[in-house]
Amino acid sequence: MIDILESTFSPGRPEDLEPLGLAVGTRVPLDRLEDLQEHHGFEAILYFDEGLARNSTLGADAHDFRILPVQARPFMPLAVFLKVMAEHDLEFADRMRREPPEVEILETGTMDRCSGCVHCIKQYVKGLLL
């Protein structure tokens, strides 16, 4: 998982993730997004506040909320969200299997980060947890 606080974000090309069913405006079950992330290597970022998700950018939000721990932000990487939920809600995994919440895809793009002399580029999906 790339640290989103140290990344630069660029718009993606629709053809990059559309074949996976991740076009902007589509809705996918959370468990399907998790599966796609595991098998295709992109980073899914979930937002929990609709106003923020629709009216701001991931880059601006990463900067604005950098002082807060990741669990206190109104957005977080999918893997972190699933871990936090599993730790705090013992019935979450069962509920997710029975009725997975949906995620609306709001944006796709690339995350660009340099760590020392290593340059990393990874696709991302910004989604609103419904």
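Coordinate-derived values only; no laboratory data. Keep in mind that what you see is a predicted model, and the values were worked out from it rather than measured. Here Cβ is always computed from backbone atoms with ideal geometry, including for glycine, and neighbour counts include all displayed protein chains.
Between THR110 and residues 5 or more places away or on another chain, which pairs have amide H atoms under 5 Å apart, with H built 1.01 Å from N, and which residues are they? Counting only residues 5 or more places away or on other chains, the set is SER10, GLY12, TYR124. Taking other C-beta atoms within 10 Å as the exposure proxy, ARG73, ARG98 rank ARG98, ARG73 from fewest upward. Of all alpha-carbon pairs in segment 24-130, indicate the percentage at a distance above 17 angstrom. Tail of the P(r) past 17 Å holds 56 percent of the pairs. Were the residues from THR57 through LEU130 laid out at 0.36 nm apart, the gain over their Cα-Cα distance would be 24.4 nm. Couplings 3J(HN,Hα) of segment 66-76, computed from phi: 4, 6, 8, x, 4, 6, 9, 7, x, 7, 6 Hz, in residue order, whole Hz [Karplus 6.51 cos²θ - 1.76 cosθ + 1.60, θ = phi - 60°; x for Gly and Pro]. Here the Karplus relation 6.51 cos²θ - 1.76 cosθ + 1.60, evaluated at θ = phi - 60°, turns the backbone of segment 104-113 into coupling constants of 8, 6, 9, 6, 10, x, 10, 9, 10, 9 Hz, with x for every Gly and Pro. Relative protection proxy for 62-68, 87-93, 103-109, 33-39, from highest mean packing down: 103-109, 33-39, 62-68, 87-93 (other beta-carbon atoms within 10 angstrom).
Taking label points 7 Å from Cα along the Cα-to-Cβ direction, VAL70 and GLU102 give a separation of 2.8 nm.
Each residue of segment 123-130 is assigned a 3J(HN,Hα), and the resulting list reads 6, 9, 10, 9, x, 9, 6, 8 Hz, derived from the Karplus form 6.51 cos²θ - 1.76 cosθ + 1.60 (θ = phi - 60°), x at Gly and Pro.
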